[in-house]
1. Between Lys56 and Phe199, what is 0.36 nm times their sequence separation minus the Cα-Cα distance? Round to one decimal in nm.
2. In this model, which of Lys67/Lys111; Lys118/Lys138; Lys36/Lys135; Lys111/Lys138 are farther than 21 Å apart at the alpha-carbon?
3. Near Lys29, which aspartates and glutamates are there with a Cα under 16 Å away, not counting those fewer than 8 places off in the same chain?
4. Which order do Leu23, Leu162, Leu247, Leu42 fall in if you start with the one that has the fewest other Cβ atoms within 10 Å?
5. In which sequence would Arg253, Arg95, Arg244 go, from the one with the fewest C-beta neighbours within 10 Å to the one with the most?
6. How far, in nm, would the chain grow between Ile220 and Lys36 when pulled straight, counting 0.36 nm per residue and subtracting the alpha carbon separation?
7. Report the label-to-label distance for Lys135 and Asn18 in nanometres (one decimal), using points 7 Å from each Cα along the Cα→Cβ vector.
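Please treat every number below as a calculation from the coordinates, not as lab data. Everything numeric in this text was worked out from a predicted model, so none of it was measured. Note that we place each Cβ from the backbone using ideal geometry, even for glycine, and neighbour counts take in every protein chain shown.
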Amino acid sequence: MNETLKITIIQSELHWENAESNLVMFSEKIQNIEDKTDLIVLPEMFTTGFSMNAEKLAEPNDGKAFKWMVSEAKKNNCAITGSVIISENGNFYNRLFFVFPDGSFQKYDKKHTFTLAKENETYSAGTERLIVNYKGWKICPLVCYDLRFPVWARNTVDYDVLIYVANWPKVRTLAWDTLLHARAIENMAYSIGVNRVGFDGNDHEYIGHSAVYDVLGKQISIANFETEFTETVTLEKENIENNRKHLQFLNDRDSFTLT
């Protein structure tokens, strides 16, 4: 079990619907990471931007983006996560892959498709939450709009880290900041949000605000909120264990069943 976990967040512009350019770009950004890291977190739909053009852009499960993630994980001896557009059995999914250093992987299909952008009309919703066990840490990775639904993120299994990968637009940045804080505080877990910057092909603007918060909601990342950046942050098991033992808020959580 690792008492610390180093997580690198990459906040970047994205080349609209151009997987090849995005993969080259992220390879360069990963190559320039100075510190050894345990996990690299990329934005939602990091190969395309948040596009509804799934017919054109979707890849199979073992497509170019996934193979790239496996290659980067092995090359850098770390895990890597982010979501891409996947076609499977006649359906499209906004699918997050969590790829381990040995190339094995787990996947999570976005549960809450973004109806305001009619994502629900293109992509099938996932039905199962994923808890990843990695280096003695329990990680719950989710996608963008999932952030608005606290029941789906509720810490009923004592996970350590909550991760949101996103394409969250500038106009609702206040909600992004507020809810990331809230998810950390209410779940007594590290809360990490990785968003993009720049404009997409629909002229929506994104200003990032990617951040890492500890179990009490204190921001521990320090990079500039609204420009491209890569930052490695060290998470500490002691921060989780000491605060949970002292405050014991999770002991009073409600019991419920999702239907």
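1. Extra length available between Lys56 and Phe199 comes to 49.4 nm.
2. Distance filter (> 21 Å) returns Lys67/Lys111; Lys118/Lys138.
3. Hits, sequence-local ones excluded: Glu13, Glu20, Asp38, Glu72, Glu228, Glu231.
4. The fewest-first ordering by Cβ neighbours comes to Leu247, Leu23, Leu162, Leu42.
5. Result, fewest neighbours first: Arg253, Arg244, Arg95.
6. 64.4 nm
7. Calculated label separation equals 3.4 nm.
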